[in-house]
1. With of a type in the set (Gly, Ala, Ser) and free of Cβ contacts under 8 Å to residues at least 12 places away in the same chain as the only criterion, which of 42, 30 stands out?
2. Condition first: open to solvent by less than 40 Å² (accessible area, probe 1.4 Å) and within 16 Å of residue 150 (Cβ to Cβ). Now tell me which residues in the range 183-198 satisfy that.
3. Quick check on residue 114: is it surrounded by 15 or more Cβ atoms within 10 Å (Cβ to Cβ) and either in contact (Cβ under 8 Å) with a residue 60 or more places away in the chain or among the small types (Gly, Ala, Ser) (or both)?
4. For the range 76-89, what are the residues that are out of contact with any helix residue (DSSP H, G or I) (no Cβ under 6 Å at 6 or more places or on another chain) and either closer than 24 Å to residue 210 by Cβ or open to solvent by less than 60 Å² (accessible area, probe 1.4 Å) (or both)?
5. Need pairs with beta-carbon distance below 9 Å; first residue more than 24 Å from residue 217 (Cβ to Cβ) and without any contact (Cβ under 8 Å) to a residue 24 or more places away in the chain and within the range 73-95, second surrounded by 13 or more Cβ atoms within 10 Å (Cβ to Cβ) and aromatic (Phe, Trp, Tyr); sequence gap 6+ or separate chains.
6. Might you check whether a residue that is at pLDDT 90 or above, under 24 Å from the mean Cα position of the chain (by Cα) and surrounded by 21 or more Cβ atoms within 10 Å (Cβ to Cβ) occurs anywhere in the range 2-20?
Amino acid sequence: MLSEVIATRYVTPLREGGSLPGIVEADDLGTYVMKFTGAGQGRKTLVAEVICGRLAQRLGLRVPRLVQMQLDPVIGLGEPDQEVQELLKASGGLNLGMDYLPGSIGFDPLAYQVDPVEAGRVVWFDALINNVDRSWRNPNMLVWHGDVWLIDHGATMIWHHNWPTAAAAAAKPYNASDHVLAPVGPDIAAAAAALAPLVTEELLTEVAADVPDEWLVDEPGFDSTDALRRAYVEALLPRAATIHERISLEAEVKTPAGPPGWLTDHLPEWPHKTHKKKSDSE
């Protein structure tokens, strides 16, 4: 179970994220990046952060420590930014915090080298959770003390936004051609051999149990939070065994569509027939 802390001071917003996370100090004297239940993406973003973050940690990947954070909306009364103030007011109660990594910098593939083995583990993990948000445009990785750390897993497991289609969605392949680590030549086979056996039913059950009940209640189609947790296990367990066989690292080459008929039907065939110019002797 995640440890629980109480937010004592809101420091500043992080406007790089669409959900407007913020740096917050807590009663354990720690500093955290806080993600809010009142943000537009909703509580499923926090559920994904917990399940994927805890799973990554259990698989030996570097992810900031996660905590439950209690927030008193009164903290937002002195906030001058109206948008931030409204977010804090809407997020009273339990939110999610992750350790703030001071001095960390955003990952740049041109400035920091990742070997194929480590790259393979990251790509395999992203394929498992169907992470659509680790591209070269938005790597969602930090470099801290010389190591790569994975952050921001809210845009994963997209099947949990439509549970009736979850089984079919979880069975789909993973296109990693746009992944920030694709050019490294990730060793997917080695990653699958090392990590897939670790993703057991027991591990996934333990990871799902870390999600607070109040983020899981009232989900349509489920009569209990335990049933919903079970659904996450059932989606991830079979995917872990075979997803390495369905990871595509090469961009699909698409043949451009021809122009519409109404634009070309009246034109002569190409190449056009040429007519030689008659010489003076003819």
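1. Working: 30 fails: free of Cβ contacts under 8 Å to residues at least 12 places away in the same chain.
It is 42.
2. If the condition is that a residue be open to solvent by less than 40 Å² (accessible area, probe 1.4 Å) and within 16 Å of residue 150 (Cβ to Cβ), then 186, 191, 195 are the ones that fit.
3. Values: surrounded by 15 or more Cβ atoms within 10 Å (Cβ to Cβ): yes; either in contact (Cβ under 8 Å) with a residue 60 or more places away in the chain or among the small types (Gly, Ala, Ser) (or both): yes.
In short, yes.
4. Going residue by residue through the range 76-89, those that are out of contact with any helix residue (DSSP H, G or I) (no Cβ under 6 Å at 6 or more places or on another chain) are 77-78, 80-84, 86-87.
The answer is 81, 84, 87.
5. Qualifying pairs under 9 Å: 78/10.
6. No, the conditions are met nowhere in the range 2-20.
The values are calculated or read from the model by the stated rules, or taken from the named source; none is laboratory data. As the structure is a prediction and not an experimental result, all values here were calculated from the model. Using ideal geometry, Cβ is built from the backbone for each residue, glycine included, and neighbour counts are taken over all protein chains shown. The area values use the complete protein model at the heavy-atom level, side chains included, leaving out ligands, DNA and RNA. Shrake-Rupley method; radii C 1.70, N 1.55, O 1.52, S 1.80 Å.
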